[in-house]
Amino acid sequence: MEARAGAGPRRAGGVLGAAGPSSANRATRTPAAPWARFSAWLECVCVVTFDLELGQALELVYPSDFQLTDKEKSSICYLSFPDSHSGCLGDTQFSFRMRQCGGQRSPWHADDRPYNGGAPVALQREPAHYLGYVYFRQVKDSSVRRGYFQKSLVLVSRLPFVRLFQSLLSLIAPEYFDKLAPCLEAVCNEIDQWPAPVPGQTLNLPVMGVVIQVHIPSRVDKLESKPPKPCDQENLLPAPVVLSSVHELDLFRCFQPVLTHVQMLWELMLLGEPLVVLAPSPDVSSEMVLALTSCLQPLKFCCDFRPYFTIHDSEFKELTTRTQAPPNVVLGVTNPFFIKTLQHWPHVLRIGEPKMSGDLPKQVKLKKPSRLKTVDTKPGLYTSYTAHLHRDKALLKRLLKGVQKKRPWDMQSALLRRHLLELTQSFIIPLEHYMASLMPLQKSITPWKTPPQIRPFHQEDFLQSLEHAGPQLTCILKGDWLGLYRRFFKSPHFDGWYRQRHKEMAQRLEALHLEAICEANIETWMQDKSEVEVVDLVLKLREKLVRAQSHQLPVKEVTLQRAQLYIETVIGSLPKDLQAVLCPP
């Protein structure tokens, strides 16, 4: 079972209680610590209620000794309730993303590596943000002074499994609102029995008499989304509820009012452009932001994004300042006040309440930012951006035909997702091919010399290669592909993609070098070498072995065994005093 060391505030017991003391210090967790299984999925569960004197207040944090800073508590309280402009009656589900405020953590959580190493980059654990999944209820209640029952149940996690956690909330929140604390404690104890999320595995997760069956995506999975294959269903009573995905939203429903602009929005996301989504409610806002940030898969979305953001947020001033250019953030908001505050932002997407226009909801229109002046601004995509690629009219026709034929929405979403996936792949494949050409040839890697360097990425060389190996080979769309690549080079997504690829190539180069050493005749090499050179080889081999054993180098088990044998052989050839230094008792 995976356990997270140094990855956040830890818990020592399982007693339900009020919010624990504030602390910026995150203590180290040992693998045997209580709540290790729970914390493989969730950081904590919070209950936020409305207090007449305090406003939104944190009523409960479970486990009770999970330590949140005052700033984190305040953020959770404000982000867990819809804005007063939303007027959400009944039950509403939405999500938010907030920065952790607990001080600098280790650059990469050591215990996140097994999961992150196997998961697609877009689904890795958040290293510096919390994701909040909210189930909010507001109903009339004459027994309350305000006349309304208002409460939110919030799951706080670092996993971007929006579909799973929303499904989990729809099971436990209604029950919790009826039965309160004992129910929540029982659910958390059940989650503490779940197996850890392991990429590539299909898991059965029992909760409240229901078994949720999920497939944890792996980076080696095929990119076409398919429901998990049923496993061990004959032994499960009741039959499991099979989730087709832990993270995918109903893309067609999310994008319905902007289908005519999906490609332009894809370009804006690809270039990391600042974008505000102003929606009528937090559920619409958060789903639109998550849909937008997911449309670059398999690329990791490298910019900041906030599915739901309020004027009370601790980062409000930082993100809305006019003293510098707008940051690379996608903001989801519901308060019309943001139209005035963020008037200087280059792209604003205003979504209204869904209104049907024939078979599809009324599509928002492209409008100039200069028309974005009043609080009652009409729905539209306010931008002066001109798309580089021509619109795919065939896609819109296929989707419209699907609506007319009453094609299931999940099939419509699959069609839209496949289109975006193929668009992203057509854009990325030429970059991948060019990057691969920068890798030194395997025959140039010799055992006793430092491996050659990866050649630098020259943007102009790459652009010249597009003439014979560009996106036109896999994509029918015409347009200014070169202009799109030139702007992409200035975006956080190019930087993120390049760093990741360069890191993987460097690791591959080091692994090939280790293999070359292990295939060489080490005894022949040692014949004319000084003790200093031999000791230097031992130290370098040990360093490579440690990196390989911690899954940082892609090497086979047989290579690891041979490297260990080489180290023992080399040490055995040295004088006893040196052996004692290199292998102390």
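Data overview
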| item | result |
| --- | --- |
| Residue within the stretch 324-334 that is touching a strand residue (DSSP E or B) at 6+ places or on another chain (Cβ under 9 Å), assigned to a helix (DSSP H, G or I) and either in contact (Cβ under 8 Å) with a residue 12 or more places away in the chain or surrounded by fewer than 19 Cβ atoms within 10 Å (Cβ to Cβ) (or both) present | no |
| In the stretch 167-204, residue farthest from the chain's Cα centre (by Cα) [restricted to those that are open to solvent by 10 Å² or more (accessible area, probe 1.4 Å) and hydroxyl-bearing (Ser, Thr, Tyr)] | 170 |
| Unique residue being in contact with a helix residue (DSSP H, G or I) (Cβ under 6 Å, 6 or more places away or on another chain) and surrounded by 12 or more Cβ atoms within 10 Å (Cβ to Cβ) when the list is 529, 544, 540 | 544 |
| Close pairs from the stretch 448-477: first closer than 25 Å to residue 513 by Cα and open to solvent by 90 Å² or more (accessible area, probe 1.4 Å), partner at pLDDT 95 or above and not in a loop (DSSP other than H, G, I, E, B), Cβ under 6 Å, at least 6 apart | none |
| Number of positions in the stretch 381-421 that are open to solvent by 100 Å² or more (accessible area, probe 1.4 Å) and assigned to a loop (DSSP other than H, G, I, E, B) | 5 |
| Close pairs from the stretch 518-530: first free of Cβ contacts under 8 Å to residues at least 24 places away in the same chain, partner surrounded by 10 or more Cβ atoms within 10 Å (Cβ to Cβ) and of a type outside the set (S, T, N, Q), Cβ under 9 Å, at least 6 apart | 529/537 |
| Enumeration of residues in the stretch 556-581 that are in contact (Cβ under 8 Å) with a residue 24 or more places away in the chain and either open to solvent by less than 30 Å² (accessible area, probe 1.4 Å) or closer than 15 Å to residue 521 by Cα (or both) | 559, 562, 563, 566, 567, 569, 570, 571, 573, 574 |
| Candidates 441, 509, filtered to the one that is open to solvent by less than 20 Å² (accessible area, probe 1.4 Å) and out of contact with any strand residue (DSSP E or B) (no Cβ under 9 Å at 6 or more places or on another chain) | 509 |
| Count - residues of the stretch 422-438 that are surrounded by 16 or more Cβ atoms within 10 Å (Cβ to Cβ), free of Cβ contacts under 8 Å to residues at least 60 places away in the same chain and of a type outside the set (Phe, Trp, Tyr) | 3 |
| Elements of type helices (runs of 4 or more DSSP H) contained in the stretch 517-585, each with 3 or more residues being under 26 Å from residue 444 (Cβ atoms) | 522-526, 531-549, 557-572 |
| All positions within the stretch 139-166 that are more than 28 Å from residue 101 (Cα to Cα), open to solvent by 30 Å² or more (accessible area, probe 1.4 Å) and not basic (Lys, Arg) | 139, 141, 142, 143, 144, 148, 149 |
| Any hit, the stretch 274-288, residues being aliphatic (A, V, I, L, M), crowded, with 21+ Cβ neighbours inside 10 Å, within 18 Å of the chain's Cα centre (by Cα) and part of a loop (DSSP other than H, G, I, E, B) | no |
| Qualifying residue in the stretch 88-109 (condition: assigned to a loop (DSSP other than H, G, I, E, B), modelled with pLDDT under 50 and of a type in the set (Phe, Trp, Tyr)) | yes |
| Number of the condition not met by residue 496 [criteria: (1) buried (at least 19 other Cβ atoms within 10 Å of the Cβ); (2) touching a Cys at 6+ places or on another chain (Cβ under 8 Å)] | (1) |
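The values are calculated or read from the model by the stated rules, or taken from the named source; none is laboratory data. Quick caveat: nothing in here was measured; it's all calculated off a predicted structure. Don't worry about glycine lacking a Cβ; one is built from the backbone with ideal geometry, like all the others, and counts go over all protein chains shown. Just the protein is used for accessible areas: all its heavy atoms, side chains included, with ligands, DNA and RNA removed. Shrake-Rupley method; radii C 1.70, N 1.55, O 1.52, S 1.80 Å.
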